[in-house]
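Here is the structure we will look at, set down as structure tokens.
The values are calculated or read from the model by the stated rules, or taken from the named source; none is laboratory data. This structure is a prediction, so every number in the text was calculated from the model and none was measured. Please note: Cβ atoms are built from the backbone with ideal geometry, for glycine as well, and neighbour counts cover all protein chains shown. Please note that ligands, DNA and RNA were not included when accessible areas were found on the heavy atoms of the full protein model with its side chains. Shrake-Rupley method; radii C 1.70, N 1.55, O 1.52, S 1.80 Å.
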Amino acid sequence: MSENVRTSLANEPLALGALDGRYRSAVAPLVDYLSEAALNRDRVHVEIEWLIHLTEHSVLPGTAPLSAEQVAGLRKIVTDFDADSVKELAEIEAVTVHDVKAVEYYIANRLEGLGIGQLKPLVHFGCTSEDINNLSYALGVQGGVTQVWLPAARDLVAQLTKMAEDSREVPMLSRTHGQPATPTTLGKELAVLAWRLTRQLDRIEKTEYLGKINGATGTYAAHYASVPNADWQQIAKGFVQHLGLTWNPLTTQIESHDWQAEVYADIARFNSILHNLCTDIWSYISIGYFAQIPVAGATGSSTMPHKVNPIRFENAEANLEISNGLLNTLGSTLVTSRWQRDLTDSSSQRNIGTAIGHSVLAISNVAKGLDRLDVAEAVLAEDLDHNWEVLAEAIQMVMRAEAIAGVEGMDNPYERLKDLTRGQRVDAARLKEFVGELGLSAEAEARLQSLTPGSYNGIASQLVDHLKK
């Protein structure tokens, strides 16, 4: 048996996953919103704002609004949250074995220094852990989506839209079922994808980020037991809205997470459409419609020097699939909770950053891939010129119109074109000869004789204008 001489790396500060290792630079902005440290910072933020909210409205007898200096001091606990804060929280949690309780103690330990030590009992007042967690996750997801994911996605769609506009007049042979079909333009086909992606972004822009703060089982029982004369629903609603979230008035111990499932489904759908773009672009590269601009010094293959591989699109495909696997799992898991509470959501939600991170990474790769493409117009033109049979559709439709107009000899147009073209190539000369033998009206014959595969694309170029609406 050979001896295992591998050195253990387990105790080294090395990343286990690709997002925190190889691809860290592409997803680093998400750390401010969807990391464990960001979650703890948001927990501190929610607890601080809840304390301020209760005092500002003098909800509890014996409390009064804090001074501006005291409020600023409390909020400074949040703005000063840093690596040392993360370490301190970890040390407290090692004793409490409870992450939210650690946050409560972390804040309480700072109140004496602000001259408001008497308010320690007000920290986490009336709250269950999920009151803090659901609001913190909502803020984190809201920030990650609106400040990182959406801007990156919008930039990518803008890049794709420009490509569509730039190539709107470039004729291209379509392929339905992989076979030559009615021509289009490259710009119109890119516009279809840009349009689809934009619709999903518009849906995601309208996402409601819900939150609640109503106690252990969503009944405000502790609230009314301690302060029976307060209007706790209005207090809760005002607080949730103060955080920039939408109030959920009816929950169990947990906020139901339906809104999370909704936004993850929309992001997953965006991912799926983007995956479609990747496979289409990859295929266009493979038949030469796009030429890839080599990156100086880059290697396409360890053994084949000539290769320029479409690796950005392949990388994006894989990351989109991983992202969707996680997003779909989150969406199906988070909407279900046994009775008033179980902890499946707690474990699941720690993967939100990973799920969105793989999407951000994919978007980055697609953007870089698109930026290295040149349209090979000569290749597209040559492909069209080798497929004159695609004009069979136009000819038989003109024959149908002629028959309706009373022109004789237009019988069985589909069948006649099928006999001429199906399964065989027809060049320009044979097709023009065929048209000349049909007995069309002079105007119709002239129209067809002037038609080429490159000009037979309807109003494809005009359709790109829909992207401006």
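Determine if the stretch 272-291 includes at least one residue that is in contact with a Lys or Arg (Cβ under 6 Å, 6 or more places away or on another chain) and either open to solvent by 10 Å² or more (accessible area, probe 1.4 Å) or not in a strand (DSSP E or B) (or both).
Yes; the residues of the stretch 272-291 include at least one that is in contact with a Lys or Arg (Cβ under 6 Å, 6 or more places away or on another chain) and either open to solvent by 10 Å² or more (accessible area, probe 1.4 Å) or not in a strand (DSSP E or B) (or both).
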Could you pull out every one of the helices (runs of 4 or more DSSP H) wholly within the stretch 57-122 that has 2 or more residues that are surrounded by fewer than 12 Cβ atoms within 10 Å (Cβ to Cβ) and of a type outside the set (A, V, I, L, M)? 68-79, 83-96
I'm trying to understand the selection: among the residues of the stretch 412-428, which are open to solvent by 70 Å² or more (accessible area, probe 1.4 Å) and among the small types (Gly, Ala, Ser)? Gly423
Log entry, pairs with first residue in the stretch 457-469 being closer than 19 Å to Pro183 by Cα, second being part of a helix (DSSP H, G or I) and open to solvent by less than 40 Å² (accessible area, probe 1.4 Å), beta carbons closer than 7 Å, six or more apart or on different chains, reads Ser461/Gly187; Leu463/Ala191; Val464/Ala164; Val464/Gly187; Val464/Ala191
Quick check on the stretch 297-310. Is at least one of its residues at pLDDT 95 or above and open to solvent by 30 Å² or more (accessible area, probe 1.4 Å)? no
Failed condition for Leu51, given (1) more than 30 Å from Trp149 (Cα to Cα); (2) not in a helix (DSSP H, G or I): (2)
Could you check how many residues of the stretch 387-406 are open to solvent by 50 Å² or more (accessible area, probe 1.4 Å) and among the charged types (D, E, K, R)? 2
Which is more than 28 Å from Arg175 (Cβ to Cβ) and open to solvent by 90 Å² or more (accessible area, probe 1.4 Å), of Glu443, Glu433? Glu443
One residue from Ala153, Ala181 being touching a residue at least 24 places away in the same chain (Cβ under 8 Å), farther than 27 Å from Arg341 by Cα and not in a helix (DSSP H, G or I): Ala181
Of everything in the stretch 422-453, what is under 45 Å from the mean Cα position of the chain (by Cα) and closer than 13 Å to Ala394 by Cα? Give them in sequence order. Leu451, Thr452, Pro453
Of the residues in the stretch 124-138, those that are surrounded by fewer than 21 Cβ atoms within 10 Å (Cβ to Cβ) and not hydroxyl-bearing (Ser, Thr, Tyr) come to Phe125
Check Pro183, Pro151 and return the single one that is within 26 Å of the chain's Cα centre (by Cα), at negative phi and not polar (S, T, N, Q). Pro151
Met163 vs. criteria more than 15 Å from Leu51 (Cα to Cα) and either basic (Lys, Arg) or in contact with a Pro (Cβ under 9 Å, 6 or more places away or on another chain) (or both): no
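Listed here are the residues, each with its yes/no results for (1) within 15 Å of Ile267 (Cα to Cα); (2) modelled with pLDDT under 95; (3) of a type in the set (Gly, Ala, Ser).
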residue	(1), (2), (3)
Ser129	no, no, yes
Val141	yes, no, no
Gln147	yes, no, no
Leu156	yes, no, no
Ser167	no, no, yes
Thr182	no, no, no
Leu197	yes, no, no
Only one of Ala221, Ala236, Ala230 is over 30 Å from Lys469 (Cβ atoms) and free of Cβ contacts under 8 Å to residues at least 24 places away in the same chain. Can you tell me which? Ala221
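Each row is one residue, and each column tells you yes or no for (1) in a helix (DSSP H, G or I); (2) open to solvent by 20 Å² or more (accessible area, probe 1.4 Å); (3) at negative phi; (4) out of contact with any helix residue (DSSP H, G or I) (no Cβ under 7 Å at 6 or more places or on another chain).
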| residue | (1), (2), (3), (4) |
| --- | --- |
| Asn319 | yes, no, yes, no |
| Gly331 | yes, no, yes, no |
| Ser337 | no, yes, yes, no |
| Gln340 | no, yes, yes, yes |
| Gly357 | yes, no, yes, no |
So, Gly409, is that one assigned to a loop (DSSP other than H, G, I, E, B) and either at pLDDT 95 or above or open to solvent by 10 Å² or more (accessible area, probe 1.4 Å) (or both) or not? yes
